[in-house]
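All remarks here apply to the structure that follows.
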Amino acid sequence: MKSILNLLFFIIAEFTYANIHLPAIFADDMVLQRNAEVIIWGNADPREEITLKADFLDKEYKVKASNDATFKITFKTPKEGGPYTVSLKGYNEVVFKNVMLGEVWLMSGQSNMEMSAAWGIKDGDAEMVKANYPNIRLFTTSKSSAESPQKDIIGSWKICTSETARNFSAIGYFFAQKLQQDLGGIPVGIICSAWGGSSAEIWVPKNIFEQDPSLAESFKTIQSSDNEYYPTKISVAYNAMIAPFNDFKIAGAAWYQGETNTGNPKSYEKLLTSLINSWREGRGYQFPFYIIQLASYKGWGDTTAQIKNIQRKVSQNVENSGLVVISDYSMIDDIHPKDKKPVGIRLANLVLDDVYKKDISVGFPTWKSVEFKGKKAILTLDFADGLHFKNKTSDQFQIAENDKNYTKAKAKIVGNQIIVEAKGIKEPAFVRYNWSNEAMPDLFNKAGLPASVYSSEIIK
């Protein structure tokens, strides 16, 4: 009888006092954003008091779970450091060890962002031998989808070693390595939430499509219900792979996607702009957002050039955004360029300059304005110091009148401007550069960085 009563007591206790439960983003070896207001959240019994302690905090934080069995604790983190211990105590206690404070970045997109050394990147084996960085931490969000925003994700933090880095986003790894090196060895946490083959529509919250039904209609032109490798319903990756950790503080995000949307590029400008704005709205702050422009690839008409031009425009039109141009590392016949290290380094350099104010010359030649005078198109660029054509002259410019019948044009560099004209074109109305899927860029600045694809035409 006594044994039965004891058993009943433990069963009742189990149901009476629920254990604290936290999402998978909180775990041993995690990185929390330094010098920031950070939130730790989870589930506990209604009215259960939760106490947060951490080595880096000079006081305890207490909060009571609400009547829906959830809680949030907001606290200010100090400068970088670690390893630390973080504990949350209620009816039970959860302890996280080897926690670091540093810089946390989110990497997202499709296969080129997901691609790891294990896939066979250039010099992958040699690079991975050196990939032992105890203060770089890697979190891969496992692929999952959901019809509504979820509370938790599948994934875990890993210390960066030759083994763990081998199966992590190569761009994310090289970015973290360069960032840590140039920021004096501070801890860096990279969260990779990517899905090969995925369209942008599955990464955008549902309310965007409710506000603009044309985006959902446009998606139908590239949608395939029988696809075996990635979801084909709007918002499902956002719901399962982004929304669950919207409260997790990040320094910024990088996006490498667009290949799948070459199937219908006309809606991509509005879609990508909405994605950036909605992700920021979900997190409640205007974090920096960097777009890695598609590489050149001969597999489609001129739709790759259209997507690249849209990525350029969005990066210039959306505040606190930037563009990483990588076409000079294209393979033309491979949609997955193997040389990922320069991509990660270019991204890191741009971030180091923009976000961390390192004052290094890493700006890509940027199309600022176009003016048509007589028979000439005059293009003005920013970051044009040392502007030059790789082969002294360029065959990458085209010009057209209002009929939009483009013809190859001659281009001459004068300071930070390029003067473009062509025989037979008397009243130019449009000009474009590098407008071919197979064309490699030939316009560079003193820093050796290429100019993006460009078109003055608004394609509808």
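Things worth noting here:
- Residues that are β-branched (Val, Ile, Thr) and in a helix (DSSP H, G or I) were ranked within the range 156-198; the one that is surrounded by the fewest Cβ atoms within 10 Å (Cβ to Cβ) is Thr164.
- Out of Tyr329, Tyr297, sole residue that is out of contact with any strand residue (DSSP E or B) (no Cβ under 8 Å at 6 or more places or on another chain) and either more than 20 Å from Val431 (Cβ to Cβ) or without any contact (Cβ under 8 Å) to a residue 40 or more places away in the chain (or both): Tyr329
- Taking every residue in the range 434-449 that is farther than 17 Å from Lys410 by Cβ and pairing it with any residue that is modelled with pLDDT under 95 and part of a strand (DSSP E or B), at least 6 positions away or on another chain, the pairs with Cβ-Cβ distances below 7 Å are Asn437/Tyr297; Glu438/Ile332.
- Within the span defined as the range 90-102, every residue fails to be of a type in the set (D, E, K, R), modelled with pLDDT of 95 or more and closer than 24 Å to Arg283 by Cα.
- The single condition from (1) farther than 28 Å from Gly102 by Cα; (2) not assigned by TED's automatic domain parsing to the domain that holds Ala237 that Lys313 fails is (2).
- Counting only residues that are closer than 21 Å to Phe248 by Cα and assigned to a strand (DSSP E or B), the range 111-148 holds 6 of them.
- Members of the range 305-323 found to be among the charged types (D, E, K, R) and in contact with an Asp or Glu (Cβ under 8 Å, 6 or more places away or on another chain), listed by number: Lys313
- Total residues in the range 381-396 satisfying the condition of being surrounded by fewer than 15 Cβ atoms within 10 Å (Cβ to Cβ) and under 21 Å from Lys426 (Cα atoms): the figure is 1.
- Residue in the range 259-273 that is surrounded by fewer than 20 Cβ atoms within 10 Å (Cβ to Cβ), under 23 Å from Gly189 (Cβ atoms) and either in contact with a helix residue (DSSP H, G or I) (Cβ under 9 Å, 6 or more places away or on another chain) or not aliphatic (A, V, I, L, M) (or both) present: no
- For the residues Glu80, Glu114, Glu93, the requirement of being touching a Gly at 6+ places or on another chain (Cβ under 9 Å) and either more than 29 Å from Lys143 (Cβ to Cβ) or not assigned by TED's automatic domain parsing to the domain that holds Tyr256 (or both) singles out Glu80.
- Tally of residues being surrounded by 15 or more Cβ atoms within 10 Å (Cβ to Cβ), assigned to a strand (DSSP E or B) and either within 26 Å of the chain's Cα centre (by Cα) or of a type outside the set (A, V, I, L, M, F, W, C) (or both) across the range 76-86: 5
- Among (1) part of a loop (DSSP other than H, G, I, E, B); (2) buried (at least 18 other Cβ atoms within 10 Å of the Cβ) - the single one Ile399 does not satisfy: (1)
- Counting only helices (runs of 4 or more DSSP H) that fall entirely inside the range 199-310 and contain at least 1 residues that are at pLDDT 95 or above and either under 24 Å from Ala146 (Cα atoms) or outside the structural domain of Ile73 (by TED's automatic domain parsing) (or both), the qualifying elements are 206-211, 236-241, 268-283.
- When the residues of the range 320-364 are filtered to those that are among the hydroxyl-bearing types (Ser, Thr, Tyr) and in a loop (DSSP other than H, G, I, E, B), the one that is modelled with the lowest pLDDT is Ser330.
- Taken over the range 205-236, the criterion of being without any contact (Cβ under 8 Å) to a residue 40 or more places away in the chain and surrounded by fewer than 16 Cβ atoms within 10 Å (Cβ to Cβ) is satisfied by Glu210, Gln211, Pro213, Glu217, Lys220, Ser224, Ser225, Asp226, Asn227, Glu228, Tyr229.
The values are calculated or read from the model by the stated rules, or taken from the named source; none is laboratory data. All values derive from a computational prediction rather than experimental measurement. Positions of Cβ are backbone-derived with ideal geometry, glycine not excepted, and every protein chain shown enters the neighbour counts.
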